[in-house]
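The values are calculated or read from the model by the stated rules, or taken from the named source; none is laboratory data. Given the structure is predicted, the values throughout are model-derived calculations rather than measurements. Virtual Cβ from ideal backbone geometry, glycine too; neighbours counted across all protein chains shown.
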Amino acid sequence: MRASIQGTRLAPLCALLFLAHLLAIGLAGTCPAGYDCTGELDVLCGIGYYSIEDVDACTQCGAGTYCPSGSASENPCPTGTYSAAGAEYCTDCDAGSRCDATGVLAVCDADSEYSLAGDYDCSTCPAGYSCSNIAYPSLCGGGTYSASGDMTCDTCSAGTYCPVGSSVETDCPTGYWADVGAEACTVCAAGKYCSDSAETGSC
């Protein structure tokens, strides 16, 4: 009689232990994110691959994303960078070009545009600057000027002046003159008369 009572008391405990065992087996069979569980041992996903939880095999990262070893998801490339499929990291967009997250799309117009490394798009060379297509714009020096979209600075004409960073030539006022490439106009000296480009004689 005592043995029967003890057996009755042990039955629920055995059932709980059995359920716990089944639960442990189920948890052990779950493949963690960032791992490849297709072999005998679980191993980290390799460079350029990722996996989400409960998926045994790793998947290659798509273009425009990057995946270091053990990635649990694709990581989008930041603005100004790009990648091919299966990349460990993203690469800066090339200077002198425009690109999206998957790669270089086109070269900037060498006659009017520029971009720096890491720029997503090309920019028009601003007025008052000179540009190469792969470097930051430089201010036009004194005596020169440029309009928007011009890649080089032009020399100011006689009778005009151009301070640093000029976008246009400015005519000298009456009583002043300037030679070619002047940063400022010169006042006509007392007792002299002048054209807009030079002193031409004495009064």
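Close contacts from segment 36-51, counting a first residue that is farther than 12 Å from Glu88 by Cα and a second that is aliphatic (A, V, I, L, M) and surrounded by fewer than 17 Cβ atoms within 10 Å (Cβ to Cβ), with Cβ to Cβ under 6 Å and a gap of 6+ residues or different chains, come to Asp36/Val43; Thr38/Ala57. Count of segment 52-72 residues, restricted to those that are part of a loop (DSSP other than H, G, I, E, B), farther than 18 Å from Leu105 by Cα and either of a type in the set (Phe, Trp, Tyr) or free of Cβ contacts under 8 Å to residues at least 24 places away in the same chain (or both), is 6. The numbered conditions (1) within 17 Å of the chain's Cα centre (by Cα); (2) assigned to a loop (DSSP other than H, G, I, E, B) are all true for Ala85 except (1). Criterion first (within 27 Å of Ala117 (Cα to Cα), of a type in the set (S, T, N, Q) and free of Cβ contacts under 8 Å to residues at least 12 places away in the same chain) does Thr91 satisfy it? The answer is yes for Thr91.
Candidates are the residues of segment 173-200 that are within 52 Å of the chain's Cα centre (by Cα) and not in a loop (DSSP other than H, G, I, E, B); the one that is surrounded by the fewest Cβ atoms within 10 Å (Cβ to Cβ) is Val187. Just one of (1) at pLDDT below 90; (2) in a strand (DSSP E or B); (3) not basic (Lys, Arg) fails for Ile134. It is (2). Glu88 meets each of the listed conditions (1) modelled with pLDDT of 95 or more; (2) under 30 Å from Val164 (Cβ atoms); (3) among the acidic types (Asp, Glu) apart from (2). In segment 119-152, of all residues being touching a Ser or Thr at 6+ places or on another chain (Cβ under 7 Å) and surrounded by 21 or more Cβ atoms within 10 Å (Cβ to Cβ), the one that is farthest from Val168 (Cα to Cα) corresponds to Cys125.
The residue that is farthest from the chain's Cα centre (by Cα), among those in segment 88-138 that are among the charged types (D, E, K, R) and under 30 Å from Gly70 (Cα atoms), is Glu88.
Looking only at segment 137-157, count every residue that is over 24 Å from Ser115 (Cβ atoms) and either among the hydroxyl-bearing types (Ser, Thr, Tyr) or modelled with pLDDT under 95 (or both) and tell me the total. First the steps, then the outcome.
Filtering segment 137-157 for residues over 24 Å from Ser115 (Cβ atoms) gives 142-143, 155-157.
Those left that are additionally either among the hydroxyl-bearing types (Ser, Thr, Tyr) or modelled with pLDDT under 95 (or both): 155, 157.
Count: 2.
Pairs linking a residue in segment 127-149 that is free of Cβ contacts under 8 Å to residues at least 40 places away in the same chain and over 27 Å from Ala178 (Cα atoms) to a residue that is part of a loop (DSSP other than H, G, I, E, B) and among the small types (Gly, Ala, Ser), with Cβ atoms under 7 Å and 6 or more positions apart or on different chains, are Asn133/Gly96; Asn133/Ala110; Ile134/Ala95; Ile134/Gly96.
For segment 30-51, the tally of residues that are in a loop (DSSP other than H, G, I, E, B), closer than 12 Å to Ser71 by Cα and of a type outside the set (Gly, Ala, Ser) stands at 3. Among the residues of segment 73-96, is there at least one that is crowded, with 20+ Cβ neighbours inside 10 Å, more than 27 Å from Ser123 (Cβ to Cβ) and of a type in the set (Ser, Thr, Tyr)? No, because not a single residue in segment 73-96 is crowded, with 20+ Cβ neighbours inside 10 Å, more than 27 Å from Ser123 (Cβ to Cβ) and of a type in the set (Ser, Thr, Tyr).
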